[in-house]
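Everything below concerns the one structure shown next.
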Amino acid sequence: MAHFLTYLLLSFLIIYDSLGLSQSNQFCDAGVGYPESTCGFSSSSSSKLLIKGGTVLNAHQQEVADVYVEDGIIVAVKPNIKVDEDVTLLDATGKYVMPGGIDPHTHLAMEFMGTETIDDFFSGQAAALAGGTTMHIDFVIPVNGSLVAGFEAYKKKAKKSCMNYGFHMAITKWDESVSREMEIMVKEKGINSFKFFMAYKGSLMISDELLLQGLERCKSLGALAMVHAENGDAVFEGQKRMIDLGITGPEGHALSRPPVLEGEATARAIRLAKFVNTPLYVVHVMSIDAMEEIARARKSGQKVIGEPVVSGLVLNDSGLWDPDFVTAAKYVMSPPIRESGHDKALQAALSTGVLQLVGTDHCTFNSTQKAFGIDDFRKIPNGVNGIEERMHLVWDTMVESGQISVTDFVRITSTECARIFNIYPRKGAILVGSDADIIIFNPNSSFEISASMHHSRTDTNVYDGRKGKGKVEVTIVGGRVVWQDNELKVVPGSGKYIEMPPFSYLFNGIDKADAKYLSSLQAPVKRYFTAS
């Protein structure tokens, strides 16, 4: 009876939302088609913009300077810039002026577990802009294994976009056609990274044999190999174990895939990447177990990038035990949010450079979709929000606590991502010639996160009720103000696809290392046969 009432309530909520009676989305959500009349461009018609009096933050330095923009490009960064009257002025006195955030890990309009994420390329990007993120990199899922078909499908989905975006490509099977299509993605489509899922048995999971072949192909193309590191076979057994024990609720999700399985897969991927001698990027590092494997590899000189996500840095798994299903289910993601202690260890690893940049794994489903697994946690769509909250939570958690500097904040939220994916200094910097993707950040202001006021379309928020210090007051994309005075001014179709070239700095020295390895083999040995 309780389950029936829950279904009834959830059904009422989604009808309530569809009639526009709820107040959960505070932006120009025009519904299907997004008529432009309901949204707006920046009030500025000028292509010239001057940001005066702020402290300009880059990953390598900070300075008090003005920033002058023309036609979407930064043309001057220096004190006391004088301009004519046809310029939009923004006063940043007492505030920070920094590169817009770049989120390396999102899933918008993704079909997964029998449904599709509630945020598409407009609503998700609108949320990002409100939170000071001016570019994100989304994961293209192949269509029936075809990379080209997957790319075309996501290109169509992204027609609604209102900000900068790029693509990673997932690899879900292996044959010669996939190998050829990887080359097309790199040389013609601007994709320089490929993701391999070591989890999700029966859907996205790949074998070690496929991973090895993929690593080799990535190396030859100068593309970065990425892994979702969990032992999918063991997770599958863990899920059966929980069901056999009668544990069917959201807590069973975390119990079925403990940190040891993340650590094992991370170690395996790292060792296979070392065998091939190619750089490796480990997405959503959620546990001490995985972090320690990355630390060990980096200490030995191996090129491994570790990406924590906001949920892993600031949350613990206590919410999964909440007696209210809707509350508990909203925290279900993979790898799971871990018990208290892992969060602090990940923060420390980020502050010391063991982990390099922060993503979100923004992959949102509403409470109705999460209720697909009300009787079986295996059917709860995996994913949490974060694209809007990332910049604020990282500042409050890492800068306000004294764990990192303000310039480190720029590095882990923007610059390092631009460097890894080979678009620096076009992105990730306030430098002459860089794109004018800029935020004005007030360190003395405060924020409060609320599911009723966020810009995502989901009706829940895993950070609901959190308060902190530091707020994005202005977001600028391509020289155009899109967020100011708590108001979004964006239209669908105004976004820009950013191509990312291969052979980033991570590939520097790979050839020399290969040559050194070959010369060290002392083989083949010239032998002779001695007759007895």
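Which residues make up the longest stretch of the chain clear of GluC sites (Glu not before Pro) that lie in a DSSP loop with no more than 15 other Cβ atoms within 10 Å, not counting the sites?
Values: sites that count: GLU85, GLU339, GLU400, GLU499.
Answer - 86-338.
Sequence gap at least 6, Cα distance under 8 Å: using those rules, report the relative contact order of the chain to the nearest whole percent.
22
With the Cα gyration tensor of region 98-510 giving a ≥ b ≥ c as the square roots of its eigenvalues, does the rule (a/c under 1.5 for rounded; else a/b larger than b/c for prolate; else oblate) give rounded, prolate or oblate?
On the way: a/c = 1.31, a/b = 1.06, b/c = 1.24.
Rounded shape, in that the Cα axes give a/c under 1.5.
Please compute the contact order of region 431-504 in relative form: average sequence separation of alpha-carbon pairs under 8 Å and at least six residues apart, divided by the residue count, as a percent.
Numbers: 91 pairs, mean separation 22.9, N = 74.
Relative contact order comes out at 31 percent.
About the Cα centre of region 98-510, how large is the charge dipole given +1 on each Lys and Arg Cβ and -1 on each Asp and Glu Cβ? Please answer in debye to the nearest 20.
On the way: 42 positive and 49 negative charges, 210 e Å.
With Lys and Arg at +1 and Asp and Glu at -1, about 1000 debye.
Could you tell me which of the pairs LYS427/LYS496; LYS303/LYS427; LYS157/LYS489; LYS195/LYS303; LYS155/LYS330; LYS52/LYS467 are separated by over 19 angstrom between their Cα atoms in the structure shown? Write down the numbers at each step before the final one.
Details: LYS427/LYS496 13 Å; LYS303/LYS427 22 Å; LYS157/LYS489 21 Å; LYS195/LYS303 16 Å; LYS155/LYS330 29 Å; LYS52/LYS467 29 Å.
Violating the 19 Å limit, Cα to Cα: LYS303/LYS427; LYS157/LYS489; LYS155/LYS330; LYS52/LYS467.
Roughly how many whole Å is it from the C-alpha centroid of region 163-206 to that of region 403-425?
For region 163-206 versus region 403-425, the Cα centre distance is 24 Å.
Could you give the nm distance between label points at ASP324 and LYS379, where each point is 7 Å from its Cα heading toward the beta carbon?
Going by the 7 Å Cα→Cβ label model, 2.3 nm.
What does the helix-only formula give at 222 nm for the chain: each DSSP H stretch with n ≥ 4 adding -39500 (n - 2.57), the total divided by the residues, and the result rounded to the nearest 500 deg cm²/dmol? Don't skip to the end; give the middle numbers.
Numbers: 17 runs with 162 residues, N = 532.
Taking each H run of at least 4 residues, the total per residue is -9000 deg cm²/dmol.
So how far apart, in nm, are the two label points at ALA523 and LEU212 if each is 7 Å from Cα heading toward Cβ?
1.4
If you find the alpha carbon centre of region 238-317 and of region 74-148, how far apart are they in angstrom?
27
For the pair LYS496 and SER47, how long in nm is the line joining their label points, each one 7 Å along Cα→Cβ?
If labels sit at LYS496 and SER47, their model points lie 1.2 nm apart.
If you place +1 on the Cβ of every Lys and Arg and -1 on the Cβ of every Asp and Glu, how big does the dipole about the Cα centre of region 418-527 come out, in debye to the nearest 20?
Details: 15 positive and 11 negative charges, 132 e Å.
Roughly 640 debye for region 418-527.
Quick check on the chain: of the DSSP beta bridges with both residues there, what percent are antiparallel, nearest 5%?
Details: 34 of 70 bridges.
For the chain, the DSSP antiparallel bridge percentage is about 50.
For ILE510 and ASN80, what is the calculated FRET efficiency with R₀ set at 41 Å and r taken between the beta-carbons, to the nearest 0.05? If you can, show how the numbers build up before the last one.
Numbers: r = 46 Å, r/R0 = 1.12.
Approximately 0.35, to the nearest 0.05.
Just so you know, all these numbers are worked out from the coordinates, no wet-lab data involved. Not measured: the values here are computed from a predicted model. Virtual Cβ from ideal backbone geometry, glycine too; neighbours counted across all protein chains shown.
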